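The values are calculated or read from the model by the stated rules, or taken from the named source; none is laboratory data. Since the structure is predicted, the reported quantities are computational estimates derived from the model, not experimental observations. No Cβ is skipped: glycine too gets one built from the backbone with ideal geometry, and neighbour counts run over all protein chains shown.
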Amino acid sequence: MKQLPILLDAKLQAQFERDGFLRLPMLDGEAVSHLRNLYFQLHAEDPPQGFYSSTFSLDLAFKQGISEAIERACEPVIKANFGEVIHLGGSFLRKAPGEAGRMPIHHDWTMTDDPRRYTATIWVPLQDVNAENGALKVLPGSHRFSNVVHSPCIPLIFNGVRDVWEAKMQTVEMKAGEGLLFFHNLLHSSHLNMSSEPRLALTYGLAPAGTSLYFYYREAGDAPGRMERFAVKEDFFMNYPEPGTRPKVGKSEGFVVQDHRSMGVEMAQALGDGSLPGLQRVIRPEGAALQQVLEKAQFPIFKDAKRNVELAEKGFVIFPFLSAEAVADLKAFYYANHAVAPQGFYASAHVRDTDFRKRMSMEIRRLIQQPLNENLDEFQALGGTFISKPGGASGILPPHADWNIVDEREFRSYNLWIPLVDMVPENGAVQVLPFSHRWFDAVRGPDIPNPLLPVTDEIWQYMQPLKMKAGEALLYDHRLIHASAVNETAEQRLACVFGLVPKGAEMRHYCLEGGKVAAYRSHVAFHLNHAPDEAATVLDFLGIEDTDFPEISTDKLEDFICVHFPELLKEVDLSTVEEKRNFWQIYTPANVVREIAARCKSLLESK
């Protein structure tokens, strides 16, 4: 994923993002000597801990003095090499000889929930370090490995499998005063200190300017994935001396939840081998806050409350929208830019010419903006496209649901479909399966298997054609199953479509990569400026979705019909079919419907 830069040198930033760490010259010999002397002046006696950090001293003035001294020493290099940053403070580290100073594979605390932002550490040894006296070990690229929050009271999900990565860890031998910049979520550890002297180092924390900082606290005995989130300031480490306790600083934002299942050996091996590109953290509000998210997912887009209810229940709403003049203007613009009628089912959004796509979208938006504002509320307008359906079988659009353009676990997205000619079954009217936006969960996007394929022919029997006048609007949930049959006329069935998402919702793009669903952070301009297959080169990669590829069976379809179309039960004809009729006379579409209805009735009566 593309990160906000912290380094001024673009090549160094790219290396940092790729590997998760970067070596930098930091302190000269004089500065190293000064800081070593300061450490021993302030620590007349050896700390009792095998691994000691001055950050966790209870003496606020003591550790603030240390932090300020480290900041002064590092300031020239930071100013010369880094852009605008937040300073998180510095501390001394002491690693005792022997087992007492052992440090297993881990990553540092999670301090932000923005995938583009991060917190990082500059680690500087105050003597030469190697495998004999406790040099650091790192796993390149592992800053993408963990998709869950970690803090002193929230265990790492890979505790049981971290030995899988031991052979891949790289020792970083360093001279005194060299710096190692690394992401807080880079997997790292250190060799045992087999010398007779303690290994001394300093750390200094940084984050890109504007990063919102958080601390996550979990009460002992609470559910593994439940945690309290605190908004904290950059001096948090100075004011949180007792790891594992509930913070007394910062503002609680309530409880959030995350999937906290332990990582298995196979996942750990796949990540270590590079066969998985990485995972993305997902945190959601709990309880009442979670309910607010679910309500937000319903997207109350209409100013008319009754239409919002209808949309949430059925998955679509038809309402008056464009004037006759606006319809005429849109048709005139379309034909002026399409001198030759397109072949087959056509959408201007699929034309490779970027400028052409933009012109079509901008004119559609200009002509529908006023009725959009009059009818809808709290929405973000996306692009528009012309849709043309010619006469003949080439324009058939089978039952399907549109691609995800948001994370549907939190939001909904919609299309506003506006016919520019009267729409009737004869010219290929849109057909919908009411309530199907709540039927099943499936991520949808380029090359992702369509779960409806096994029952496409059966679903046609239940699709409901929508008769609409030119200028009316159909607003439907992208999850709604819809289709259109043959246009039996000689004229194009012309319409325009406009996408909508909740105000403030982040857009997503999902596609199939290596047999798995990849998620990208998208934006309004992506589909106007790029083809879907360019996602990997222009969008921020969020990770691999942990999702199945559901398939809808005939039994599942019949169950759905039983629940949502009980009126079919009233149409059941239980008369015996005469055996002398041939197969096609018996299994007409109407009789297939009656047969399913009869099964529904039998099922309901048996319960």
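Per-structure values
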{"quantity": "Leading residue by the ranking (modelled with the lowest pLDDT) among those in region 407-447 that are β-branched (Val, Ile, Thr) and buried (at least 20 other Cβ atoms within 10 Å of the Cβ)", "calculated": "VAL443"}
{"quantity": "Any pair with Cβ under 7 angstrom, 6 or more apart, that starts in region 4-25 at a residue that is in contact (Cβ under 8 Å) with a residue 40 or more places away in the chain and ends at one that is aromatic (Phe, Trp, Tyr)", "calculated": "ILE6/PHE82; LEU7/PHE16; LEU7/PHE82; LEU8/PHE82; GLY20/PHE182; GLY20/PHE183; PHE21/PHE182; LEU22/PHE16"}
{"quantity": "Sole exception among (1) within 28 Å of ASP114 (Cα to Cα); (2) of a type in the set (D, E, K, R); (3) surrounded by fewer than 21 Cβ atoms within 10 Å (Cβ to Cβ) for LYS469, by number", "calculated": "(1)"}
{"quantity": "Within region 314-328, tally of residues that are surrounded by 14 or more Cβ atoms within 10 Å (Cβ to Cβ) and farther than 17 Å from ILE387 by Cβ", "calculated": "5"}
{"quantity": "In region 441-487, the residues that are under 21 Å from the mean Cα position of the chain (by Cα) and assigned to a loop (DSSP other than H, G, I, E, B)", "calculated": "ASP441, ALA442, VAL443, ARG444, GLY445, PRO446, ASP447, ILE448, PRO449, ASN450, HIS478, ARG479"}
{"quantity": "Residue in region 233-254 that is out of contact with any Phe, Trp or Tyr (no Cβ under 8 Å at 6 or more places or on another chain), assigned to a strand (DSSP E or B) and farther than 23 Å from ARG94 by Cα present", "calculated": "yes"}
{"quantity": "One residue from LYS358, LYS331 being in the same structural domain as THR456 (by the TED database), closer than 22 Å to LEU528 by Cα and surrounded by 15 or more Cβ atoms within 10 Å (Cβ to Cβ)", "calculated": "LYS331"}
{"quantity": "All positions within region 414-434 that are assigned to a loop (DSSP other than H, G, I, E, B) and touching a Phe, Trp or Tyr at 6+ places or on another chain (Cβ under 8 Å)", "calculated": "LEU420, LEU433, PRO434"}
{"quantity": "Output for region 27-76, where each listed residue is more than 23 Å from ASN133 (Cα to Cα) and of a type in the set (Asp, Glu)", "calculated": "ASP59, GLU68, GLU71, GLU75"}
{"quantity": "Subset tally (residues that are touching a residue at least 60 places away in the same chain (Cβ under 8 Å) and either part of a helix (DSSP H, G or I) or among the hydrophobic types (A, V, I, L, M, F, W, C) (or both)) for region 134-168", "calculated": "18"}
